[in-house]
Amino acid sequence: MLHIAYIKDNKDQVIKGLEKRFFPDAAQTIDAVLMLDQQRRNTKAALEEVLAESNNAAKTIGLLLKAGNKQEAEVAKARTATLKEQSKELTSLLRQYEDELTQTLYNIPNVPHLTVPSGRTAEDNEVLYQYGQPPALDENALPHWELITKYDIIDFDLGNKITGAGFPVYKGKGARLQRALVNFFLDEAQQAGYTEIQPPIVVNEQSGYSTGQLPDKEGQMYEITEEKLYLIPTAEVPITNLYRDVILKEEQLPVKNAGYTPCFRREAGSWGAHVRGLNRLHQFDKVELVQIQHPDRSYSTLEEMSVYVRQLLEKLELPYRVLKLCAGDLGFTSTMTYDMEVYSGAQKRWLEVSSVSNFEAYQANRLKLRFKDNKKQTRLLHTLNGSALALPRIVAAILENNQTSNGITIPKVLRPYTGFDKIA
RNA sequence: AGAGAGUUGGCGGAGUGGUCGAACGCGCCGGUCUUGAAAACCGGAGACUGUCACAGGUCCGGGGGUUCGAAUCCCUCACUCUCUGCCA
């Protein structure tokens with residue numbers, strides 16, 4: 001949620017930014033926000049005056065009673081009745097403005113960074129960088145959904161049987177490859193200075209609100225209705241929420257956390273031919289990075305995280321490209337996002353495997369995540385996160401790109417983790 | 001799942017319906033002493049809102065109520081802990 005003071009100070013820029021991402025009626029909405037805020041303030045000021053008077057009256061009455069001056073006390077009491085009524089009215093009015101204001105703010109997305117390219121859809125994303133060559137594969141190279149059956153390493157039918165579509169079962173070398181990737185990613189993160197976190201994979205409602213999954217993306221999360229808990233769609237949710245209502249010291253920055261969790265997505269209504277096999281799942285594994293950074297340094301941190309993800313892909317010997325998302329394709333809470341896509345040789349497609357974003361103070365405002373700067377001012381921090389990495393599409397690309405006539409070659413860096421160098 | 005206890009400032013922990021934003025201890029910051037540190041002693045400090053700055057207002061788990069006045073009394077919800085049961 002955008003901070004009201006930020007909107008006030010940067011009104012034109014905010015409107016322009018929202019228009020860039022095709023937020024409808026940006027100018028009117030921002031005007032409405034500012035007006036609501038003004039009304040809210042006025043009401044609050046009025047209410048506080050009444051409260052101050054009541055407080056005073058109460059004190060006086062106390063003193064009068066103590067002094068045994070009953071009559072005067074009664075007179076004073078009578079006067080407070082009006083004040084009480086006024087304060088009740090003003091309170092409910094104030095609440096009305098406040099509710100309307102937060103409701104409006106909840107529905108305003110973050111403002112794209114100035115350098116974010118304009119554009120409406122994924123077509124308009126800017127390709128910043130490309131690495132490696134598409135693998136030279138046989139004409140009859142197999143897509144991963146055939147390879148996994150051929151080598152009996154991932155089984156969708158068994159998943160269907162015990163759970164449902166989109167919940168594959170990993171077997172034998174398939175399972176070990178998963179474990180190898182998770183361990184490789186976690187070890188790398190640790191070497192890069194991230195503290196490993198193992199969070200719960202169900203969260204409460206409040207956590208969903210703070211990172212922005214609620215209220216608008218309810219449909220994407222599996223809900224445990226009995227307890228009103230949600231299966232996490234990403235480790236971003238529990239890990240970022242660790243810092244809810246926290247005031248950090250400047251010298252604690254940046255906070256760097258990494259966590260492996262399974263991730264659950266309902267992905268309601270988004271199934272089709274283009275999401276076959278491992279391309280889209282209801283449950284998948286991911287190592288996620290979360291950083292909390294000083295507002296002055298969040299963009300250099302974004303670059304740092306992007307470089308980090310890139311070198312992971314290079315170590316895995318996967319051809320990839322880096323996209324800078326255009327304003328229209330940007331996530332609701334993000335100001336700038338890099339997507340990393342690997343090339344999947346047999347499908348001949350780019351597959352998104354990581355998304356690295358800066359949220360500036362948008363999440364921090366909901367989280368009440370702040371720090372004290374050197375002037376002892378309490379200020380909102382910036383949050384960032386990135387996948388490093390999501391497993392299924394990495395697995396798809398490894399399987400497809402590394403297939404040979406006598407099996408699938410495991411990338412060198414993973415061999416110490418898998419304990420084998422070929423799936424045959 | 002059953003029974004009970006609890007929720008107060010960074011932590012621990014007092015708290016009488018008015019003078020309580022709240023004793024005390026620990027921790028933290030500054031100072032004195034010291035070559036330096038520790039100890040000791042002295043001093044300081046909650047969050048939010050608001051103002052040019054004051055003032056003012058809000059916050060003792062959330063919401064509601066009683067009262068001129070609520071951390072304190074009542075209702076309600078949430079959460080936590082302990083014991084019993086079950087279980088990796």
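The values are calculated or read from the model by the stated rules, or taken from the named source; none is laboratory data. These figures come from a predicted structure and were not determined experimentally. Cβ sites come from the backbone with ideal geometry, for glycine too, and all protein chains shown count toward neighbours. What goes into the accessible areas is simple: the full protein's heavy atoms, side chains included, and nothing from ligands, DNA or RNA. Shrake-Rupley method; radii C 1.70, N 1.55, O 1.52, S 1.80 Å.
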(request) Quick one: compute the contact order of chain A, relative version, from alpha carbon pairs under 8 angstrom and 6+ residues apart, as a percent. (result) 19 percent
(message) Ignoring everything except DSSP H segments at least 4 long, calculate the 222 nm mean residue ellipticity for chain A; use -39,500 (n - 2.57) per segment, divide by total residues, nearest 500.
(response) -13500 deg cm²/dmol
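How charged is the neighbourhood of A:THR378? Take every other residue with its Cβ under 13 Å from the Cβ of A:THR378, and add Lys/Arg as +1 and Asp/Glu as -1.
Numbers: positive: A:LYS249, A:LYS368, A:ARG370, A:LYS372, A:LYS375, A:LYS376, A:ARG379; negative: A:ASP245, A:GLU250, A:ASP373.
Taking every other residue near A:THR378 into account, the sum is +4.
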(request) Just read off the accessible area of A:HIS3 with the full protein assembly in place, 1.4 Å probe, to the nearest 10 Å². (result) 80 Å²
(message) Let me cross-check A:THR104: its accessible surface, 1.4 Å probe, with only protein heavy atoms counted, in Å² to the nearest 10?
(response) 30 Å²
(request) Once you've got the GNM for chain A with C-alpha springs shorter than 10 Å, pick whichever of A:LEU105, A:LEU94, A:LEU323 has the biggest mean-square fluctuation. (result) A:LEU94
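If you count only protein heavy atoms with a 1.4 Å probe, what accessible area per residue comes out for chain A, rounded to a whole Å²?
Per-residue value: 49 Å².
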(request) Report the residue, chosen from A:ALA165, A:ALA81, A:ALA396, that carries the largest GNM mean-square fluctuation when chain A is represented by alpha-carbon nodes joined by springs under 10 Å. (result) A:ALA81
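Quantify, in whole percent, the carbon and sulfur part of the accessible surface of segment A:68-203 (1.4 Å probe; protein heavy atoms only). List each step's numbers first, then the result.
Numbers: 4120 of 8490 Å².
The C+S portion of the solvent-accessible surface of segment A:68-203 is 48 percent.
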(request) Using a 10 angstrom cutoff on alpha carbons, build the Gaussian network for chain A and name the most mobile of A:LEU231, A:LEU114, A:LEU367. (result) A:LEU114
(request) Using only Cα atoms, find the angle between the long axis of helix A:391-401 and the longest principal axis of chain A, and express it within 0 to 90 degrees, rounded to the nearest 10. (result) 20 degrees
(message) On C-alpha positions alone, give me the angle between the axis of helix A:11-20 and the longest principal axis of chain A, in degrees, nearest 10.
(response) 30 degrees
(message) Rolling a 1.4 angstrom probe over the protein chains, ignoring ligands and nucleic acids, what is the accessible area of A:MET35 in square angstrom, nearest 10?
(response) 120 Å²
(request) Note the angle between two axes, namely the Cα long axis of helix A:298-315 and the longest principal axis of the Cα atoms of chain A, as a number of degrees from 0 to 90, rounded to the nearest 10. (result) 20 degrees
(message) Once you compute Rg and the Kirkwood Rh from C-alpha atoms, what is the Rg to Rh ratio for segment A:44-173?
(response) 1.50
(request) Output the direction-averaged projected area (hull surface divided by four) of the convex hull of the alpha-carbon atoms of chain A, in nm². (result) 26.0 nm²
(message) Per residue of segment A:338-352, what does 6.51 cos²θ - 1.76 cosθ + 1.60 with θ = phi - 60° give for ³J(HN,Hα)? Whole Hz please, x for Gly and Pro, Karplus curve as stated.
(response) 9, 9, 10, 10, 9, 8, 9, x, 7, 6, 6, 9, 8, 10, 6
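Based on DSSP loop calls and a cut-off of at most 12 other Cβ atoms within 10 Å, the longest stretch of chain A free of exposed GluC sites (Glu not before Pro) is what?
On the way: sites that count: A:GLU139, A:GLU226, A:GLU227.
For GluC sites (Glu not before Pro) (loop position, at most 12 other Cβ atoms within 10 Å), the longest site-free span of chain A is A:228-424.
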(request) Can you bin segment A:183-287 into rounded, prolate or oblate? Criterion: square roots of the alpha carbon gyration tensor eigenvalues sorted a ≥ b ≥ c, rounded for a/c under 1.5, prolate for a/b above b/c, oblate for the rest. (result) oblate
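Using a 1.4 Å probe and counting only protein heavy atoms, arrange A:TYR243, A:TYR6 so the residue with the most accessible area comes first. Can you show the working numbers first?
Working: A:TYR243 35, A:TYR6 75 Å².
From most exposed to least exposed: A:TYR6, A:TYR243.
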(message) Whole-Hz ³J(HN,Hα) for each residue in segment A:153-160, computed from phi via Karplus 6.51 cos²θ - 1.76 cosθ + 1.60 with θ = phi - 60°, x for glycine and proline: what do you get?
(response) 10, 9, 10, 6, 5, 5, x, 4
